[in-house]
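Working notes, structure below.
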């Protein structure tokens, strides 16, 4: 037998000895403490037998005293009234209720689904420092079989503010509201110029890109930025050089062409439908919209962004309203590595805690140091933050309200380190098994007796 084989045997014996000591310690803890899930609970002068079976029932034996001041006893999940842990003695002498005979009531397991209270710990009421002794009857299943649907609960955040890679759908709506100021002609508008004095002056005109119109006898006349009344008065004054009473009339035929152009830009009624524009917040925190260009969206709420967009459009184009709709949030990820079964990156589609992240990573491996789990986080200014949490007692069922059960943020990194035993095992494997013995292999044969004398 080689020295390497002898050392392997010694390591195996040492491991078996440690396992035996650990098993003895676990058995001792289980025998000395911990709630009993089945047995008998003595309540005052009334003995209640709790059976751990699918057909859970309660046998209540009346005391010799009158039934006044007593009430029927219900047991569900091993608790008499939820105010004491399993197997503890409580006093019922101060109970007052109408006199009625004691009877056997079927427990929740035999009846239909109903919103029964069950014994549990409310961490907000009992605090994180107390253990299972703080168990009380709590409203655990208010919706009974409908619990899977989930409660409405509180909002995730008071106000959602846009971040990079959020996708928005800008819905455009024609308001058709009366404007407080007279309409001013724009490029592309179509008007009709008529004269009651000389019908030869009558013609339909389109405002050219340079903002002018072409008229007989007058040539180029600037028209953009003027109201219909202002253009009528200007043309009437110019034609007085040729007519004593020109009697000019300007009639708008097609106006608000800028609004029509914007509508055609965002029109998707022939495709997916509606007048809208899909935009995504760029890494600079900007979005781009027709006729406005780039504007900042990161850090704004829906209401703030809507107000900003409509104010800018109102300065350029009247009669349009934009309603931003958040259609897809930027993905949020949490990274779990170390002593877990499936390390990697996991998407957070809702509020996520440290225990939930460990569950997504396939739970912890044997030998993981659950008392010193490290969580790294980036602050709002990208500075590095770190904390250490302890989930050992919670993962082994000894602590109902662990302080280490924290909420996770986007891009958090969770590291589950190795225990001291695994670190020592890795050291021996690297230094001796793969190190010294790998470089200088021993080929001599030694007996176990000879090895002990060394």
Legend entry - Test for residue 416: is it touching a residue at least 60 places away in the same chain (Cβ under 8 Å) and touching a strand residue (DSSP E or B) at 6+ places or on another chain (Cβ under 6 Å): yes
Inset, instruction - For residue 177, state whether it is exposed (fewer than 10 other Cβ atoms within 10 Å of the Cβ) and in contact (Cβ under 8 Å) with a residue 60 or more places away in the chain. - result: yes
Legend entry - the range 235-273 - residue that is over 27 Å from residue 183 (Cβ atoms) and modelled with pLDDT under 85 and, of those, farthest from the chain's Cα centre (by Cα): 270
Inset, instruction - Say whether the condition of being assigned to a loop (DSSP other than H, G, I, E, B) and under 30 Å from residue 258 (Cα atoms) is met by at least one residue in the range 135-152. - result: no
Inset, instruction - State yes or no: is residue 297 at positive phi and either touching a helix residue (DSSP H, G or I) at 6+ places or on another chain (Cβ under 6 Å) or at pLDDT below 95 (or both)? - result: no
Legend entry - Of all residues making up the range 413-427, the number that are surrounded by 14 or more Cβ atoms within 10 Å (Cβ to Cβ) and over 16 Å from residue 364 (Cα atoms): 1
Inset, instruction - Hey, can you tell me all the residues within the range 197-222 that are in a loop (DSSP other than H, G, I, E, B) and under 12 Å from residue 250 (Cα atoms)? - result: 202
Inset, instruction - Would you be able to say whether some residue in the range 278-287 is at pLDDT 90 or above, closer than 24 Å to residue 189 by Cα and touching a helix residue (DSSP H, G or I) at 6+ places or on another chain (Cβ under 9 Å)? - result: no
Inset, instruction - Of the conditions (1) under 21 Å from residue 394 (Cα atoms); (2) at pLDDT 80 or above, residue 148 clears all except one; give me its number. - result: (1)
Legend entry - So residue 232, is it part of a strand (DSSP E or B) and over 36 Å from the mean Cα position of the chain (by Cα): no
Inset, instruction - Keeping to the range 407-426, report how many residues are more than 14 Å from the chain's Cα centre (by Cα) and within 26 Å of residue 351 (Cβ to Cβ). - result: 5
Legend entry - Test for residue 227: is it closer than 19 Å to residue 316 by Cα, free of Cβ contacts under 8 Å to residues at least 60 places away in the same chain and surrounded by fewer than 18 Cβ atoms within 10 Å (Cβ to Cβ): yes
Legend entry - Those residues of the range 116-134 which are part of a loop (DSSP other than H, G, I, E, B) and either at negative phi or surrounded by 16 or more Cβ atoms within 10 Å (Cβ to Cβ) (or both), in sequence order: 116, 117, 121, 122, 128, 129, 130, 131
Inset, instruction - Would you check which residues across the range 232-249 are touching a helix residue (DSSP H, G or I) at 6+ places or on another chain (Cβ under 9 Å), surrounded by fewer than 16 Cβ atoms within 10 Å (Cβ to Cβ) and within 17 Å of residue 213 (Cβ to Cβ) and list them? - result: 249
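A quick yes/no check of all residues on (1) free of Cβ contacts under 8 Å to residues at least 24 places away in the same chain; (2) out of contact with any strand residue (DSSP E or B) (no Cβ under 7 Å at 6 or more places or on another chain); (3) surrounded by 14 or more Cβ atoms within 10 Å (Cβ to Cβ):
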| site | (1), (2), (3) |
| --- | --- |
| 336 | no, no, yes |
| 369 | no, no, yes |
| 375 | no, no, yes |
| 380 | yes, yes, no |
| 401 | no, yes, yes |
| 411 | no, no, yes |
Legend entry - Among the candidates 218, 201, residue that is touching a helix residue (DSSP H, G or I) at 6+ places or on another chain (Cβ under 7 Å) and surrounded by 14 or more Cβ atoms within 10 Å (Cβ to Cβ): 218
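The values are calculated or read from the model by the stated rules, or taken from the named source; none is laboratory data. Predicted, not measured: the structure shown is a model, and the values here were computed from it. Every residue, glycine as well, gets a Cβ built from its backbone with ideal geometry; the counts of neighbours run over all protein chains shown.
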